[in-house]
1. Taking segment 131-162 as the region of interest, how many residues are outside any strand (DSSP E or B) and either under 15 Å from residue 57 (Cα atoms) or touching a residue at least 12 places away in the same chain (Cβ under 8 Å) (or both)?
2. Counting only residues that are over 17 Å from the mean Cα position of the chain (by Cα) and touching a residue at least 40 places away in the same chain (Cβ under 8 Å), how many does segment 63-79 have?
3. Note down all Cβ pairs under 7 Å where the first residue falls in segment 80-94 and is within 15 Å of residue 106 (Cβ to Cβ), the second is assigned to a loop (DSSP other than H, G, I, E, B), and they're at least six residues apart or on different chains.
4. Kindly list, by first and then second residue, each pair from a residue in segment 33-62 that is assigned by TED's automatic domain parsing to the domain that holds residue 137 and within 21 Å of residue 137 (Cα to Cα) to a residue that is modelled with pLDDT of 95 or more and loosely packed, with under 10 Cβ neighbours inside 10 Å, limited to pairs with Cβ atoms under 9 Å and residues at least 6 apart or on different chains.
């Protein structure tokens, strides 16, 4: 009868039937506290890893590494991509300096997020432009192919023509103003 009362007392104290019957040399709850500490440690490590990964992604892809202004002649702006359509452009910067002493044109390739800025630049092909950009450490497919993202246009200036160069003639007026275009005029 004493064994039955011990079991009832053990169960009342929250111990299992196996602990009460023959495993008196094991302290009650010792395995449970070890598991709880390990679970708490693993949860803490998991939280630290997730927060570290979120911080890394945030800094690498969303925090601007640098900002600046580039100026030059706008070569092109295109809208391209297979899954993510983005605006991409190229600016030809003046100057022909290289590290190796050769002659080379300096290009600035960039992406554009804002469709209004991209539309304005598409109508400014061949003109001198000043563009404000942000530089990121990594690229995202929906932001563009370049680490440089243009966010605004500071100025657009027509290219100055050399002395003696006739101005360009609009397409519809070529025949009316050029006597060489109409052989029967003389």
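1. Count: 14.
2. Number satisfying all stated conditions: 9.
3. Filtered contacts from segment 80-94: 92/105.
4. Listed pairs, sorted by first residue: none to list.
Quick grid of which residues meet (1) touching a helix residue (DSSP H, G or I) at 6+ places or on another chain (Cβ under 7 Å); (2) at pLDDT below 90:
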| position | (1), (2) |
| --- | --- |
| 111 | no, no |
| 123 | no, no |
| 134 | no, no |
| 145 | no, no |
| 152 | yes, no |
| 163 | no, yes |
| 166 | no, yes |
| 173 | no, yes |
| 177 | no, yes |
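The values are calculated or read from the model by the stated rules, or taken from the named source; none is laboratory data. These figures come from a predicted structure and were not determined experimentally. Counting neighbours? That spans all protein chains shown, and the Cβs are built from the backbone with ideal geometry, glycine included.
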